[in-house]
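The values are calculated or read from the model by the stated rules, or taken from the named source; none is laboratory data. The shown structure was predicted, so the numbers you read here are calculated from the model rather than taken from an experiment. No Cβ is skipped: glycine too gets one built from the backbone with ideal geometry, and neighbour counts run over all protein chains shown. Accessible surface areas use protein heavy atoms only, side chains included; no ligands, DNA or RNA. Shrake-Rupley method; radii C 1.70, N 1.55, O 1.52, S 1.80 Å.
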Amino acid sequence: MELRHLRCLVAVAHHRSFTKAGEELHLAQSAISQHVRRLEQELGVDVFRRNSRSVDLTPEGRLVLAYAQRVLNEVEGMHTELEEMTGLLRGEVRIGGMYPTGVYDLPTVLADFRAQHGEVSVHMFEGTQDELLDMLRTDDLDCVFTAVDPDRIGNEFAATLLWEDEYVVAMPLDHPLSGREHVTFEELAGEDLIAYRENSALRLRLERKMAEQGLEPRNAFVCTEMAAVRTLASKGLGVTVIPRSAAEQDGPPIVWRPLGPERLTWPVALIWRAARRQPPAAKAFLSLALKRAEEHVAAEGPSVGLAA
């Protein structure tokens, strides 16, 4: 039995697809199938039930998967301890993100980390909050920057609040609501809305808040890019609700007003899996990211929204 057989098993079980497992491991689908077949022959059981639509674990396969994951975790732990003993820092850091991250300057943190640890490759992944947290649970990511309240994520994760942004309503310069001190949820419900991507934390948080008041947004457009959302709003195709930090960036001309009278905020946190023994590269990145958050608090004070 070889480690590559176990890695193929874990990848296929995770993706429920030989093709996607091959993409993850950079192997041809035929190679993945061959490794799994050899593992099944050695064990004398079928680990997968295959059909034209899906790949599912058999009862025996679920047992084998549990052992395979433990073996691979132990091997990763061995490499981690060896790297710590020798002082070498290499490998990769896998970071999930939902952007923007407000005044927290993630690009500069990444640049500084790269300058300090040139042998470590950094892999960035974007997705919705649920997608990123699922990848964190399975150790497909080392850490995540996402919009979530650290006090509400449960015991499986550790988290630090980096920044608490404010939701604002962005609109063209000549919009009738531009003269208001703030825009109410009732007024927002009466406007054509340019919505951000489906299932995004930004959109779900707004929709939940409106639903609490018996309101529903009138989504006229849906965009997957923040820049496109702002551009459509500047052209008068509707209003949009975005973080204040995004509204204050350079871009197509808009005017923005806060939602009110009750303030709605956008908390951005750095999250990692609490029980995981972090590889040295991931541990070094987390240390730097948290240090920069503390430095920002010391320089700017707590009023900017960062939490120590």
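Here are some notes:
- The strands (runs of 3 or more DSSP E) found wholly in the range 114-219 and carrying at least 3 residues that are more than 24 Å from SER234 (Cβ to Cβ) and either modelled with pLDDT of 85 or more or of a type in the set (Val, Ile, Thr) (or both) occupy 120-126, 143-147, 157-171.
- Hits in the range 252-279 - residues which are part of a loop (DSSP other than H, G, I, E, B), farther than 17 Å from THR184 by Cα and either among the charged types (D, E, K, R) or open to solvent by 30 Å² or more (accessible area, probe 1.4 Å) (or both): PRO252, PRO253, ALA274, ALA275, ARG276, ARG277
- Which numbered condition PHE285 fails, given (1) in contact (Cβ under 8 Å) with a residue 12 or more places away in the chain; (2) over 30 Å from GLY91 (Cβ atoms): (2)
- Note on the range 220-251: among residues that are among the hydroxyl-bearing types (Ser, Thr, Tyr) and open to solvent by less than 60 Å² (accessible area, probe 1.4 Å), the one that is modelled with the lowest pLDDT is SER245.
- Filtered residues of the range 280-296 (kept if over 20 Å from ASP134 (Cβ atoms) and either among the hydrophobic types (A, V, I, L, M, F, W, C) or touching a strand residue (DSSP E or B) at 6+ places or on another chain (Cβ under 8 Å) (or both)): PRO280, ALA281, ALA284, PHE285, LEU288, ALA289, LEU290, ALA293
- In summary, PRO107 fulfils each of the numbered conditions (1) open to solvent by less than 50 Å² (accessible area, probe 1.4 Å); (2) of a type outside the set (D, E, K, R); (3) modelled with pLDDT of 85 or more with the single exception of condition (1).
- When residues of the range 19-32 are limited to those that are open to solvent by 20 Å² or more (accessible area, probe 1.4 Å) and under 17 Å from LEU65 (Cβ atoms), the one nearest to the chain's Cα centre (by Cα): GLU24
- Test: residue in the range 155-166 that is farther than 28 Å from VAL93 by Cα and either crowded, with 16+ Cβ neighbours inside 10 Å or without any contact (Cβ under 8 Å) to a residue 40 or more places away in the chain (or both): yes
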